[in-house]
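The values are calculated or read from the model by the stated rules, or taken from the named source; none is laboratory data. Here the structure is a predicted model, which means the values were calculated and not measured. Cβ: placed from backbone, ideal geometry, glycine included. Neighbour counts: every protein chain shown. Remember, those area values only see protein heavy atoms, side chains included, never the ligands or the DNA or RNA. Shrake-Rupley method; radii C 1.70, N 1.55, O 1.52, S 1.80 Å.
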Amino acid sequence: MAHPLVDDAMARLRDQATPCEEFRALARRVSVLLIAEATRDLPTAESFVETPLERAPARRLAARVVAVPVLRAGLGMLDAFLELVPSAEVGYFGLERNETTAVARRYYEKVPKDLQSATTFLLDPMLATGGSAALAIDGLRGLGARQVRLLCIVAAPEGVALLERQAPDATIHAAALDRGLNDKKYILPGLGDFGDRLFKT
Ligand code: PRP
Ligand code: URA
């Protein structure tokens, strides 16, 4: 995403010397910018508002919005989402990559019903192999979701390519597209383990 404020925040998010407290604030800041961009085309409906001086035309959000953070790291984007879309419904997917194989497994799921009528935003800051996002999107599809938008802070080309093959209808919004993966399937240059840096583990 081309934006000077995203570039500035990404520089400090990537820095291994950035302490946890600042990392959290930066993750939230990048998320706000990303969410503003990814919600740009949501529908609004004409309305009116009484200002202190007169009745004025207004537009209000006219979309059912569901946010689904992927546990754990996606929680770092949820506050930003609810700040911008306070009416959003929230579901959760718990996914964890196996440390040896990097293959994701699902350990928890609680998502609002009737996703057919919603625009669903999947929040996961890291798109590495794409296995986690593909699993989550598949799960959301199984629950009826039609429009899925994945919001991530750092994406690797490998993950983008996997989703283009396995979930071509999903839209990807990424703050940064990095070079690739190392042999442990971590993103390069990346920012390390997002969940560990967010939760001090
Ligand atoms: C991280 C990250 C994504 C996933 C991305 O989660 O938050 O969910 O890895 O990797 P992938 O694209 O190769 O699937 P992790 O499994 O480390 O769990 P955590 O959020 O609990 O730390
Ligand atoms: N998950 C992370 O937190 N970081 C990576 O680089 C890859 C997966």
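Of note:
- Residue check for L78: in contact with a Leu (Cβ under 8 Å, 6 or more places away or on another chain) and under 30 Å from L115 (Cα atoms): yes
- Leading residue by the ranking (nearest to ligand 1 (Cβ to nearest atom)) among those in the range 62-81 that are among the β-branched types (V, I, T) and touching a helix residue (DSSP H, G or I) at 6+ places or on another chain (Cβ under 8 Å): V70
- Residues that are among the hydrophobic types (A, V, I, L, M, F, W, C) and over 21 Å from the mean Cα position of the chain (by Cα) within the range 45-61 comprise A45, F48, V49, L53, A56, A58, listed in sequence order.
- The set of residues in the range 182-201 that are in contact with a strand residue (DSSP E or B) (Cβ under 6 Å, 6 or more places away or on another chain) and outside any loop (DSSP other than H, G, I, E, B) comprises I187, L188, F194.
- Any chance A36 is closer than 22 Å to I172 by Cβ, assigned to a helix (DSSP H, G or I), out of contact with any Gly (no Cβ under 7 Å at 6 or more places or on another chain) and open to solvent by 50 Å² or more (accessible area, probe 1.4 Å): yes
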